[in-house]
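Taken together, the values in this text are just the output of simple stated rules run on the coordinates, not laboratory data. These figures come from a predicted structure and were not determined experimentally. Ideal geometry is used to build each Cβ from the backbone, glycine not excepted, and the neighbour counts take in all protein chains shown.
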Amino acid sequence: MRKIFEPLEDFKTIDLPEKELPFWKIAGPGAILVGLSIGAGEIVIWPRIAAEYGGSMVWAAVFGVFLQLWINFEVGRWTIATGETVYTGYSRIWRGFGPLFILLIVVGWIAPGWARESGAALKALIFHSKWMEGTFWGSDTFWTIITFSLASLILFGPKMVYQSVEHTIEILVAVVTVGLILVAILVGSWDTWKELGTGIVNVGYKDPDMSVKALFIALVFAGAGGTANLFYTFYLRDKNIGMGARIPGLRNPLRGRTEKVPASGFLFEDTDDNRRRFADWWRYIKSDQLLFFWALNTFTILLFIFGALAVLRPEGIVPDKSQLIYDEANILAKSFGEFGRRIFLMVGVATLFGTQLALLDGVGRSISDIIYTNFKKAQKRAMSWWYLLIVGIWIVAGIVITFIMEQLNVSGLGFLFSAAYMGGFAMAIYVPLTLYMNYRFLPGFARPKTLSTIMMLIASAVYIGFAIASIIWEINRLIGGLNG
């Protein structure tokens with residue numbers, strides 16, 4: 001590996017910065033993860049499960065979010081302690097993890113399911129789903145170009161990329177939450193709430209007709225899922241949280257001068273002041289994740305499931321993956337007119353576009369960070385230059401793939417399910433890796449304590465176990481197909 005990669009620099013020793021501002025003035029990174037989390041898992045996968053199987057497995061959605069809470073804790077621990085991204089930490093363990101994670105990111109996210117579906121939902125909201133059907137102006141490709149263009153304006157309009165992403169996603173999350181509360185008020189009944197509550201405590205139940213693969217996908221996308229949880233590392237840095245304050249934020253290369261970002265981070269000496277500062281920042285991480293990611297994510301996913309139980313389940317409708325948003329909106333229109341339809345379509349647009357924006361930003365940051373960190377020649381260019389290049393390539397590739405998918409009549413949301421499946425295998429790798437990394441490199445008092453360690457071991461066992469079970473399931477399915 002050393003012939004391919006330049007050696008990583010050792011950590012520099014420096015004191016942790018003081019936490020001088022109150023929580024609410026520096027809140028935000030957790031909210032972006034919520035924007036990622038309310039994507040396909042909440043608006044598509046779990047409502048469809050509820051429509052097909054009822055509320056019997058709601059516990060798995062709650063459990064999936066809870067598991068990811070502990071993963072995000074440990075991602076945050078690394079960044080506030082070192083200022084590095086977790087990808088740099090993984091490369092300290094083995095340099096091959098850099099290319100491996102680029103592969104996992106590309107395989108997991110390259111198919112632009114969110115972009116395509118947010119474009120289709122936007123068309124339905126402004127006009128209707130069949131508007132200009134059969135023409136370029138009514139095609140998924142055209143409306144995917146529209147949503148990617150909007151995302152580009154948000155990413156490359158202001159000087160600091162993070163600020164525009166945070167503010168936009170906070171607004172979209174607010175729209176989703178208020179819209180879902182309105183839907184719950186419109187369609188709610190005591191029996192539906194009772195079914196939801198029963199499903200929450202029905203821990204461990206799996207419907208006999210549900211495959212291991214389907215449950216694995218559902219667990220992964222109950223939350224951010226896949227490598228999306230790792231994007232938290234960038235948002236903490238750009239918000240100047242912990243040692244991340246020692247690293248310059250990502251500047252828009254189209255708006256003037258950019259700063260050189262160090263390829264490696266820092267560690268601090270074991271002093272009373274540094275212990276106190278770390279404890280302050282660690283309390284911030286816990287508050288950010290508990291309030292935004294865990295509480296808000298759990299609340300919204302339950303509201304999405306509730307909507308499906310109240311609207312789709314009584315009608316006996318189990319929608320195709322690509323029709324769920326429209327079926328639910330149209331059923332609401334029967335009872336509540338155009339108001340009900342537009343409320344749910346607005347929720348759909350905000351949900352899918354928020355995920356599209358956060359993924360475009362997170363993927364651009366991740367790949368550019370791995371390239372910049374691991375290849376010395378890459379550091380001749382600014383990190384923001386690589387970010388611009390990756391995002392640009394990703395947008396062009398997304399539009400081309402959408403066009404091809406549309407010509408082949410392939411559902412955009414079908415690719416979201418595949419993304420969750422691949423993301424589950426990525427989690428089986430990085431969850432135990434993150435725990436090991438924090439134990440190996442961090443000072444004793446900053447390492448995970450007993451409860452965090454136990455929860456990370458449980459999460460590792462769940463994702464590794466499901467990955468192995470899914471492989472066995474795929475092999476048996478293949479053998480069955482050959483014998484058939």
- Query: How do 453-459, 21-27, 297-303 rank on mean C-beta neighbours within 10 Å, highest first?
  - Reply: 297-303, 453-459, 21-27
- Packing-based order for 206-216, 366-376, using average beta carbon neighbours within 10 Å, highest first: 366-376, 206-216
- All lysines inside 18 Å of residue 380 as judged from Cα atoms, apart from same-chain residues fewer than 8 positions distant: 260
- Message: Can you show me the helix-derived [θ] at 222 nm for the chain, built from DSSP H runs with n ≥ 4 at -39,500 (n - 2.57) apiece and divided by the number of residues, rounded to the nearest 500.
- Response: -22500 deg cm²/dmol
- Task: Taking the chain as the reference, fit the longest principal axis to its C-alpha atoms, fit the long axis of helix 113-126 to the helix C-alpha atoms, and give the angle between the two in degrees, 0 to 90, nearest 10.
- Result: 50 degrees
- For the Cα atoms of the chain, what angle does the longest principal axis make with the long axis of helix 140-156, in degrees from 0 to 90, nearest 10? 30 degrees
- Loop-resident GluC sites (Glu not before Pro) in region 93-191 with no more than 12 other Cβ atoms inside 10 Å, DSSP not H/G/I/E/B, are 133
- Query: How big is the chain in terms of Cα radius of gyration and Dmax, in angstroms?
  - Reply: 22.1, 68
- Counting pairs of alpha carbon atoms under 8 Å apart in space and at least six apart in sequence, what relative contact order in percent does region 12-483 give? 35 percent
- If the limit is 31 Å between Cα atoms, which of 123/194; 377/449; 159/286; 239/449; 25/159 go over it? 123/194; 377/449
- Task: Would you mind putting 175-187, 337-349 in packing order, based on average other-beta-carbon counts within 10 Å, highest first?
- Result: 337-349, 175-187
- With Cα coordinates, the longest principal axis of the chain makes an angle with the long axis of helix 324-374, in degrees rounded to 10, of 20 degrees
